[in-house]
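Here is the structure we will look at, set down as structure tokens.
Just so you know, all these numbers are worked out from the coordinates, no wet-lab data involved. What you see is a predicted model, and the numbers here were worked out from it, not measured in a lab. When we count neighbours, we look across all protein chains shown, and the Cβ atoms used for this are built from the backbone with ideal geometry, even at glycine.
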Amino acid sequence: MKRTVAGARALFVIASVLAFLFTVAFAAPSYADRISTIEQVKVSIVAVGTFERTRTPPFQFRGTGFVVDDGTLIITNAHVLPPLLEAAKMEVLAILVVAPNKESLDLAPTQVQVREAKQIAVDPGSDLAVLRIAAPALPALKISASDAVKEGQEVLFTGYPIGAVLGAFPATHRGMISAITPIAIPQARAGELDPRLIKRLSSGPFAVFQLDATAYPGNSGSPIYDPDSGEVLGVINMVFVKGTKESALTQPSGITYAVPASHLRELLKKSR
């Protein structure tokens, strides 16, 4: 009897140790892993705006963008793009690339570079746009299949909240997919209602991600991504917040919406 009890205790201890080792092996990523993911993503985040050499400041911030594909394509929101460029003043669409200072705790970046960008594809229906820059290429993010995203899934997003005020220092926020809800994004100008867009809107709304996190106007165009892999799951969209369910609110509500990456993948295919 004593041997049986002792054997049972030994088996219990072994099972407990194995369970602990299994839990450690498959536990959620550590803070160090998250820090590494954020560092990898930040180098692909850019500010999107316009550049005019004779004005002060020369670069005018409009929103966030991120690098994909071969490192020469930039993703942002369609509403981030300027409606017109002052050709007479040589105003151009541009991105601001900030190289972080890894050698010092000094907040000053080691390098700030303005690079001209060209608009190559825009989809007002999903509020997405693709820009192209000339070589050299920048570090690119991988786009994930957003069809697998589930409610309750944790995500991160990195961008320039209130960028014109806080400066070119990308910030990361954490949130959860609180709902996957249908929406048809309205257009700010009637001229954007081309036949292709009218067909999409007439076919009904498409699903977007609702996050339990606060994004600000400068976050428009920021990627939402998997905290473990850094793969892009969607793109923060502020037009939806201002133009529909949140139109009556003048202060951040803690609710943010993002366009799923599936629409981004479709637009990239058409732009090639």
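Ranked for footprinting exposure by Cβ neighbours inside 10 Å, fewest first, TYR225, TYR31, TYR257 give TYR31, TYR257, TYR225. Ordering of 152-160, 41-49, 88-96 by packing is 41-49, 152-160, 88-96, highest average first (other Cβ atoms within 10 Å, averaged per residue). Applying a threshold of 21 Å to the alpha-carbon distances of LYS118/LYS270; LYS89/LYS118; LYS42/LYS150; LYS42/LYS142; LYS42/LYS270 flags LYS42/LYS150; LYS42/LYS270 as lying beyond it.
Using the average count of surrounding beta-carbon atoms within 10 Å as a protection proxy, the listed peptides 67-74, 226-233 rank, highest first, as 67-74, 226-233.
Counted by neighbouring Cβ atoms within 10 Å, the residues ARG62, ARG272 run from fewest to most as ARG272, ARG62.
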